[in-house]
1. Right, B:A13: open to solvent by 20 Å² or more (accessible area, probe 1.4 Å) and away from ligand 4 (no atom under 16 Å from the Cβ) or not?
2. Assess whether B:C62 counts as being within 24 Å of A:T237 (Cβ to Cβ), assigned by TED's automatic domain parsing to the domain that holds B:D20, within 16 Å of ligand 3 (Cβ to nearest atom) and surrounded by 18 or more Cβ atoms within 10 Å (Cβ to Cβ).
3. Go through the range A:12-43 and give me each residue that's within 9 Å of chain B (Cβ to nearest Cβ), near ligand 1 (Cβ under 8 Å from one of its atoms) and not in a loop (DSSP other than H, G, I, E, B).
4. Where residues in the range B:71-102 are among the hydrophobic types (A, V, I, L, M, F, W, C), under 17 Å from the mean Cα position of the chain (by Cα) and part of a loop (DSSP other than H, G, I, E, B), which of them is nearest to ligand 1 (Cβ to nearest atom)?
5. In the range B:123-147, how many are within 11 Å of another protein chain (Cβ to nearest Cβ), open to solvent by 40 Å² or more (accessible area, probe 1.4 Å) and either within 16 Å of ligand 2 (Cβ to nearest atom) or not hydrophobic (A, V, I, L, M, F, W, C) (or both)?
6. Would you confirm whether any residue within the range B:19-40 is surrounded by fewer than 19 Cβ atoms within 10 Å (Cβ to Cβ), of a type outside the set (K, R), out of contact with any strand residue (DSSP E or B) (no Cβ under 7 Å at 6 or more places or on another chain) and modelled with pLDDT under 95?
7. List the pairs whose first member sits in the range A:276-289 and is without any contact (Cβ under 8 Å) to a residue 24 or more places away in the chain, whose second member is open to solvent by 40 Å² or more (accessible area, probe 1.4 Å), and whose Cβ atoms are under 9 Å apart, counting only residues at least 6 apart or on separate chains?
8. Residues of the range A:125-154 being open to solvent by 40 Å² or more (accessible area, probe 1.4 Å) and without any contact (Cβ under 8 Å) to a residue 12 or more places away in the chain, which ones?
Amino acid sequence: MNSFEYVRPATIAEAVAAGAAPGAAFLAGGTNLLDLLKGDLMRPTRLVDVTRLAELGRIERLPGGGVRIGALVRNADLAHDQPFASDFPAVAEALLSGASAQVRNAATVGGNLLQRTRCVWFYDVASACNRRAPGTGCDARGGEGRGDAVLGWSEACIATHPSDFCVPLVALDAVVEIAGPAGRREVPLDLFHRLPGDAPERDSVLAPGELVVAVRLPPEAAAFAAHARYLKLRERTSFAFAVVSAAAALRMEAGGIVAARIALGGVAAKPWRARAAEDVLAGARPDGTVFRRAAEAALADARPSGPDATRIELARRIVARALALAAAGTPARVPALPASPFAPIPGAAAHV
Amino acid sequence: MSLSISLTVNGAARAVTLDDPRVTLLDLLRERLDLTGTKKGCDRGQCGACTVLLDGRRINACLTLALACDDADVVTIEGLADGDVLHPVQAAFLAHDALQCGFCTPGQIMSAVGLVAEGQAGDDPERVREGMSGNLCRCGAYDGITAAVLDAQRRIAEQGKARAA
Ligand SMILES: Cc1cc2nc3c(=O)[nH]c(=O)nc-3n(C[C@H](O)[C@H](O)[C@H](O)COP(=O)(O)OP(=O)(O)OC[C@H]3O[C@@H](n4cnc5c(N)ncnc54)[C@H](O)[C@@H]3O)c2cc1C
Ligand code: SF4
Ligand code: FES
Ligand code: FES
């Protein structure tokens with residue numbers, strides 16, 4: 001691990017100034033950054049500890065029904081905030097399906113957005129990786145392809161964004177509030193993470209010194225509370241990153257779908273909003289056929305970045321299943337195994 | 001900024017001057033404060049062996065920068081028992097044979113103490129297993145661990161009721 005200077009600013013302005021210096025990185029919960037430092041994958045020369053900025057630690061209800069979540073709110077505290085979880089149940093379920101209780105107790109909202117990819121070659125300093133070391137190449141190409149993107153990838157990088165939390169957030173039109181050297185700005189979460197293009201080393205649109213201060217969900221997002229789920233396929237039941245995942249939220253009236261929100265995780269370098277799939281569902285009656293059509297629309301542009309296209313079909317099935325579970329209704333409480341694809345769909349045959 | 005911090009460890013105030021900013025809370029406990037009960041398994045947040053309570057919440061000490069713990073309250077496995085009287089979670093681990101080699105046990109016990117305090121699992125074994133999934137056990141003592149956590153939780157609730165009465 002590279003050594004660094006450690007600073008602990010007391011105000012947002014001080015944090016932004018300290019973070020704008022070359023080589024600086026913000027430290028929040030540290031659950032991703034410390035891991036990256038230990039692997040020598042990031043070598044900041046200054047850590048700007050933002051955990052004492054108390055004003056970033058609040059969950060505020062906004063007039064009209066939206067919510068503003070401070071960047072330092074811990075993942076566990078947000079998931080277990082009862083008013084929040086009942087208005088945005090898919091977000092709570094996604095949070096509780098991520099990492100472990102210990103990690104969730106430390107991990108923050110801002111850090112979760114800015115966690116880096118879990119591409120195994122990114123994690124191995126001996127491998128070529130354009131995202132970690134620009135211009136060196138990409139050893140993931142031609143690999144076994146288990147974690148590769150199927151949407152929005154480029155020749156330079158085929159990595160995926162690992163966050164669960166971001167998937168329902170992007171489905172529900174979350175907005176990121178940013179403070180920076182040039183003042184404040186807001187970016188829709190859908191435009192916050194960058195697709196790799198020819199500059200995969202830049203994960204997000206943040207400029208040096210720019211600090212995420214909050215994430216906002218608009219009032220309309222709560223209208224989906226009765227039919228909102230997150231579903232996550234993993235290589236083991238718990239404490240694993242998503243192979244593919246989906247958030248599905250429906251607004252239903254008189255047994256029909258009025259509006260739908262769908263996003264996918266584990267398929268691209270950003271949480272992937274599937275608007276074409278939402279259009280298929282608006283005005284439809286909820287049934288397996290229309291869910292499958294929506295799933296096909298969601299993956300219509302998908303193409304494998306390696307020899308294995310299995311994940312495209314896995315993603316379709318996770319979208320269709322998440323829709324079926326959402327249509328059946330949000331459970332009163334996040335299930336014992338959050339986001340589990342093994343949970344039966346109420347009313348459906350156990351075997352098909 | 002100086003590398004001096006003050007924190008409370010197992011109820012005692014400690015002032016520490018670090019020789020290096022890179023020290024984690026885990027290395028501070030084990031190598032500077034001689035509290036070797038907290039174990040280092042993976043050093044990457046993946047196994048839970050390093051679980052301690054930080055301001056009352058279970059976290060991975062290996063992913064926590066010591067400097068960030070200025071003013072914090074830390075409880076480790078060494079701080080659980082009351083003299084010779086074991087903490088109910090410790091007693092339940094013994095009663096249920098919830099260990100074999102014991103390497104994961106301090107982390108399992110601290111995690112269980114955190115889980116009981118969080119109050120989210122209730123008496124549902126599935127929720128207990130899910131809530132303990134951040135603690136791996138290479139010996140596979142999971143059945144005993146789940147039973148011990150459920151039992152300890154029951155005893156702690158009864159103690160609480162007895163005290164309130
Ligand atoms: C073993 C393990 C398993 C995990 N499993 C999952 C999983 O299944 N699903 C999942 O979604 N996640 C998972 N995670 C990742 C976890 O969610 C992230 O590590 C965590 O959310 C990061 O938050 P943090 O506050 O600890 O960030 P830090 O580690 O402090 O920071 C992460 C990055 O964000 C930057 N940053 C932090 N805050 C801000 C801010 N306010 N503004 C600008 N930049 C900022 C930092 O500079 C750094 O680059 C796992 C992590 C571990 C260790
Ligand atoms: S896919 Fe991206 S992150 Fe992975 S090795 Fe290639 S360039 Fe690096
Ligand atoms: S040593 Fe900290 S989680 Fe493994
Ligand atoms: S008792 Fe040996 S690792 Fe758990």
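1. yes
2. yes
3. Scanning the range A:12-43 gives A:L27, A:L33, A:L34, A:D35.
4. B:A72
5. Summing the residues that are within 11 Å of another protein chain (Cβ to nearest Cβ), open to solvent by 40 Å² or more (accessible area, probe 1.4 Å) and either within 16 Å of ligand 2 (Cβ to nearest atom) or not hydrophobic (A, V, I, L, M, F, W, C) (or both) in the range B:123-147 gives 5.
6. Within the range B:19-40 (the criterion being surrounded by fewer than 19 Cβ atoms within 10 Å (Cβ to Cβ), of a type outside the set (K, R), out of contact with any strand residue (DSSP E or B) (no Cβ under 7 Å at 6 or more places or on another chain) and modelled with pLDDT under 95), the answer is yes, since at least one residue qualifies.
7. A:E278/A:R261; A:V280/A:R293; A:V280/A:E296
8. A:A126, A:G135, A:T136
The values are calculated or read from the model by the stated rules, or taken from the named source; none is laboratory data. This one's a predicted model, so the numbers in the text were calculated from it and none came from an experiment. No Cβ is skipped: glycine too gets one built from the backbone with ideal geometry, and neighbour counts run over all protein chains shown. The accessibility values were calculated without ligands, DNA or RNA, using every heavy atom of the protein model including side chains. Shrake-Rupley method; radii C 1.70, N 1.55, O 1.52, S 1.80 Å.
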